Amino acid sequence: MTILSDQLHLHPDQLGAYWMPFTSNRQFKAAPRMIVQGEGMYYTDADGRKVLDGFSGLWCCNAGHCPKPIVEAIQKQAAVLDYCAAFQMSHPLAFELANRIVEIGPKGLGHVFYANSGSEAVDTALKIALAYQRVKGEASRTRLIGRERGYHGVGFGGISVGGMVANRKMFGAMLAGVDHLPHTHNLAKNAYTKGIPEHGVELADELERLVALHDASTIAAVIVEPMAGSTGVLLPPKGYLKRLREITKKHGILLIFDEVITAYGRMGGAFASQVFDVVPDMITFAKGITSGTVPMGGVLVSDEIHDAFMVGPPGAVEFFHGYTYSAHPLACAAGIATLQHYKDEDLFARGAKMGPVMENAVHSLKGTKHVIDLRNYGLVGAVELESRPGAPGARAFDVYLKCWEKGVVLRTAGDTVAIAPSLIVKEDEIGRIVTTLREAILETA
Ligand code: PXG
């Protein structure tokens, strides 16, 4: 059936062709939540209703929806250079954006390898890690270490090092030689912590146990999210990331921070690495680099790793990896305009300034029915609800649907409801998000 592009209300028969990702397709298609426009903090749905976006799209629209300078840069670029081959040739915007990313990143990470999503960025970083160990003459270092409850996208590399059972169990053996650190979520000790939890630094020492088991000479890299987002906003215990850095360094193991969510203002700075003062060997990014406007991802790589590849005959390809759309001109134009916009509007500082507002608002939910924990850092809040017996995630999803009906969109991870508004959010909007959430929780069985 042909659908007219200006048709807002689709017939149920028209909904079947699109198999939606990470979605309860039948639930959605019975009562679609169809968005037709975005502006600032708000979506407009197909009924013309304004919905407050409390989740920056999916942790990505850090500058809000359709910011004018970014929109204009994309429009302009589309008419000037639509595409240019990514291999053995390039265009100036790719270099300009790389320089800008390096400029705001941690010292010593001087190179950018582009991808088109967080998943591709993760697989790229894992491949760089393996190839680096090999070019350095340590080809026995083939193991990759992830963490339970980690999310690193949906490529085979990402699900292998990831630690979410639903994302792994259907897909066979995945990558060989992967092991996992324990997750750091500890309600018994850290419930209702404001900011960084006090207990759990010793969980980083589990890496020593894995080294003792496998031997350092077999381990290429460790990958963790500085703050695990998708599995329910799990913050690093005090001293944990520093300890991981010390242990990886001691054993010649690379440390990769997956900053797909935490980069570009979410934690109150350009990268969580800077906010937490721990410099890894590589950082993966995506989402906020273009404020969600055009797909883009990438890996920020240390000089040491990059330089190790720059050997051999000058005409040789140094790294056999890349995508047709690596450094796509539209994405680069969007990225440059986005970083400029963050700077012009001082949005990282604005996000940091709103952090205490988020903290107070989220922790005001203490004592509300079903609530068993409240967490926050930067412009992120999380409300963990007690699961219904035998139905994990169901209660939070009901709350999500009630919030949608009330005109606020959030996101669930299991029975945790996550809040992550754009960096442009105002105090009263944070207030409205939390008030709506409280009402929705109280109305939920
Ligand atoms: N790494 C991390 C840390 C992520 O959060 C990815 C990799 C994969 O990115 P792509 O662009 O391939 O999707 C992500 C993505 C949620 C949610 O509800 C989180 C993500 C995506 C969609 C929903 O928390 N993170």
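Does the stretch 152-166 contain at least one residue that is of a type in the set (G, A, S), away from the ligand (no atom under 11 Å from the Cβ), closer than 17 Å to S326 by Cβ and surrounded by fewer than 24 Cβ atoms within 10 Å (Cβ to Cβ)? No - not one qualifying residue is present in the stretch 152-166.
Just for the stretch 301-315: of the residues that are part of a loop (DSSP other than H, G, I, E, B) and surrounded by fewer than 17 Cβ atoms within 10 Å (Cβ to Cβ), which one is nearest to the ligand (Cβ to nearest atom)? Applying the filter and picking the extreme gives M310. Kindly establish whether G268 is over 24 Å from Q133 (Cβ atoms) and surrounded by fewer than 24 Cβ atoms within 10 Å (Cβ to Cβ). Yes; evaluated as a whole, the condition is true for this residue. So if I check each of G298, G265, G292, G288, which one is within 16 Å of the ligand (Cβ to nearest atom), modelled with pLDDT of 95 or more, assigned to a helix (DSSP H, G or I) and under 17 Å from the mean Cα position of the chain (by Cα)? Criteria check complete, one pass: G288.
Taken over the stretch 366-384, residues that are more than 25 Å from C60 (Cβ to Cβ) and either surrounded by 14 or more Cβ atoms within 10 Å (Cβ to Cβ) or under 24 Å from the mean Cα position of the chain (by Cα) (or both) amount to 5.
Among the residues making up the stretch 373-391, a single one is among the hydroxyl-bearing types (S, T, Y) and either touching a Phe, Trp or Tyr at 6+ places or on another chain (Cβ under 8 Å) or under 20 Å from F271 (Cα atoms) (or both): Y377.
Of these, S273, S291, which one is buried (at least 21 other Cβ atoms within 10 Å of the Cβ) and farther than 29 Å from R134 by Cβ? So the residue among S273, S291 that is buried (at least 21 other Cβ atoms within 10 Å of the Cβ) and farther than 29 Å from R134 by Cβ is S291.
In the stretch 83-132, of all residues being within 16 Å of the ligand (Cβ to nearest atom) and in a loop (DSSP other than H, G, I, E, B), the one that is nearest to G288 (Cα to Cα) corresponds to S117. Scanning the stretch 231-243 for residues that are touching a residue at least 60 places away in the same chain (Cβ under 8 Å) and either farther than 20 Å from A121 by Cβ or more than 16 Å from the ligand (Cβ to nearest atom) (or both) gives G232, V233, L234, L235.
As for the stretch 275-284, it holds no residue that is of a type in the set (S, T, Y) and more than 16 Å from the ligand (Cβ to nearest atom).
Scanning the stretch 250-261 for residues that are without any contact (Cβ under 8 Å) to a residue 60 or more places away in the chain, in a loop (DSSP other than H, G, I, E, B) and near the ligand (Cβ under 10 Å from one of its atoms) returns a single hit, E259. Pairing each residue of the stretch 318-346 that is free of Cβ contacts under 8 Å to residues at least 60 places away in the same chain with any residue that is assigned to a helix (DSSP H, G or I) and surrounded by fewer than 24 Cβ atoms within 10 Å (Cβ to Cβ), provided the two are 6+ apart or on different chains, yields C-beta distances under 7 Å for E318/F309. Taken over the stretch 44-76, the criterion of being within 16 Å of the ligand (Cβ to nearest atom) and either on the phi < 0 side of the Ramachandran plot or among the polar types (S, T, N, Q) (or both) is satisfied by D53, G54, F55, S56, L58, C60, C61, N62. For the stretch 211-229, a residue qualifies if it is surrounded by 21 or more Cβ atoms within 10 Å (Cβ to Cβ) and either at pLDDT below 95 or more than 16 Å from the ligand (Cβ to nearest atom) (or both), and the qualifying residues are I219, A220.
Is it fair to say T142 is farther than 19 Å from L300 by Cα, over 20 Å from the mean Cα position of the chain (by Cα) and touching a residue at least 24 places away in the same chain (Cβ under 8 Å)? Criteria met by T142.
In the stretch 316-363, how many are small (G, A, S), surrounded by fewer than 18 Cβ atoms within 10 Å (Cβ to Cβ) and in contact with a Lys or Arg (Cβ under 8 Å, 6 or more places away or on another chain)? Number of matching residues: 0.
The values are calculated or read from the model by the stated rules, or taken from the named source; none is laboratory data. Just so it is clear, the structure is predicted and the values come from calculations on it, not from any experiment. Here the Cβ is made from the backbone with ideal geometry for all residues, glycine too, and neighbour counts use every protein chain on show.
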